[in-house]
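To keep things clear, I will list the structure first and then write my remarks on it.
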């Protein structure tokens, strides 16, 4: 029997880097798994518009007042799940709170391990037809893209001023 997942190391896969780097990314959701105070998994859904790269570091932002933000500040470890029809990765790591920008808390994500998931031979012709999809029109796409760029530029300014260690 073959394993259905394998550890790839501690670097973001090229598939993920390519998607996060796109000006207009796929309309897929990225589950973010944190732990609540009782140790239960807590899942939030991010869109690719809430993820960005600064240098080689992956960053994401969440509503300042969300439970996920609270949980990450209390226990700065999480898993990001990139689920697509052509790849599935579970990326485990720890986060560092960068700061709040408008209504969003920004976190820098440091990869600790990457797991690739795939069906075993025993599962036969089983495959994912699609990832977790979200919707949005052209106007919403532009709004989200501009908002992501604004937050990324604020992180860049703070990093240049030495107020954020990246």
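Against the main long axis of the alpha-carbon atoms of the chain, helix 138-160 sits at an angle near 60°. Values of log10 I(q)/I(0) for region 10-84 across q = 0.15, 0.16, 0.18, 0.21 Å⁻¹ run -0.53, -0.60, -0.74, -0.97, by the Debye formula with one identical scatterer at each alpha carbon and no solvent. Rg/Rh for region 59-112 stands at 1.02; both radii use Cα atoms, and Rh follows the Kirkwood definition.
Using the Cβ-Cβ distance between residue 75 and residue 150 with R0 = 30 Å, the FRET efficiency computed as 1/(1 + (r/R0)^6) comes to roughly 0.60.
The Cα trace of the chain gives Rg and Dmax of 16.4, 55 Å, the first to one decimal, the second as a whole number.
Any read-out appearing in this document is the output of simple, stated calculations on the displayed coordinates, not a laboratory observation. Given the structure is predicted, the values throughout are model-derived calculations rather than measurements. Positions of Cβ are generated from backbone atoms using ideal geometry, with glycine treated the same way; all protein chains shown enter the neighbour counts.
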